[in-house]
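Some notes on the structure that comes next.
The values are calculated or read from the model by the stated rules, or taken from the named source; none is laboratory data. Predicted model, so just to flag it, every value in this text is computed and none were measured. Cβ coordinates were reconstructed from backbone atoms using ideal geometry, including for glycine residues, and neighbour counts include every protein chain displayed.
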Amino acid sequence: MKFSEQAWKATAAIYERILQHPFNQELTQGTLERARFQFYMKQDSLYLVEFARALALAASKAAHPDDIVLLLDFSKGAIVAERSLHQFYFDLFDITLDTDRAPGCFAYTSFLIDTCSHKSYEEGVAALLPCFWIYREVGLHIHKNAAPDNPYQKWIDTYSGEEFSKIVDDAIDLTDRVAETADAERKEKMLQAFVHSTRLEWMFWDSAYRMETWPPEGT
């Protein structure tokens, strides 16, 4: 069994919870409250900057030049391609990036930066994979079930599209190649990193749905 197959099997229940989360259910139906989507877009924009940094950190540890290039291309794509999607909705909904990372976003990005900085290259690659893979699967699922004239159709089309799918395939292939040369202990740590990031994926959507804020000072 490939590492990716093992990792997906280990997180199948979490993925189902992500699909059933009210944020994604309401996004599918086009009924998601605009304020919640605006909150999500702001947080996702902040997330992508840190995600790009984490990818660059992983690239700095890669042994093979082709993998360095691939990870740096991923990093560039996180800033350039997906931010064009954010700009579309920022303009459409008159959104201004006027906030800092909410707790869910802070927790996820901090985990990625810490893992890619201080853990093994293998663990870093595994921790980064859920952001690619889960978004594609969620995007494909929503695309199949989306209500017509969905106000979030551009988001749906982006993450269910062939261009993004190719990026995800490359990320899965990289992770499997890295796992092939890892010993049993390191593979287990890779799996733990993948599972933890998948949990944080759920937390990110939950944070957006609740429009999560930091506790007031002094509490």
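Residues checked against (1) more than 18 Å from the chain's Cα centre (by Cα); (2) modelled with pLDDT under 95:
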{"residue": "GLY30", "(1), (2)": "yes, no"}
{"residue": "VAL49", "(1), (2)": "no, yes"}
{"residue": "ALA58", "(1), (2)": "no, no"}
{"residue": "ALA63", "(1), (2)": "yes, yes"}
{"residue": "PHE88", "(1), (2)": "yes, yes"}
{"residue": "ASP91", "(1), (2)": "yes, yes"}
{"residue": "ASP98", "(1), (2)": "yes, yes"}
{"residue": "ARG101", "(1), (2)": "no, no"}
{"residue": "SER110", "(1), (2)": "no, no"}
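In the set ALA13, ALA35, ALA7, ALA78, only one residue is modelled with pLDDT of 95 or more, buried (at least 17 other Cβ atoms within 10 Å of the Cβ) and either assigned to a helix (DSSP H, G or I) or among the β-branched types (Val, Ile, Thr) (or both); that residue is ALA7. Number of residues in region 46-81 that are farther than 15 Å from VAL178 by Cα and acidic (Asp, Glu): the value is 2.
To keep it simple, each residue is scored yes or no on (1) out of contact with any Lys or Arg (no Cβ under 8 Å at 6 or more places or on another chain); (2) in contact (Cβ under 8 Å) with a residue 40 or more places away in the chain; (3) within 17 Å of PHE51 (Cα to Cα).
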position: SER160; (1), (2), (3): no, no, no
position: ILE167; (1), (2), (3): yes, yes, yes
position: THR175; (1), (2), (3): yes, yes, yes
position: ALA182; (1), (2), (3): yes, yes, no
position: TRP202; (1), (2), (3): no, yes, yes
position: TRP205; (1), (2), (3): yes, yes, yes
position: TYR209; (1), (2), (3): no, yes, no
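Look at (1) among the charged types (D, E, K, R); (2) under 16 Å from the mean Cα position of the chain (by Cα); (3) not in a helix (DSSP H, G or I) and you find that GLU137 fails only one, number (3).
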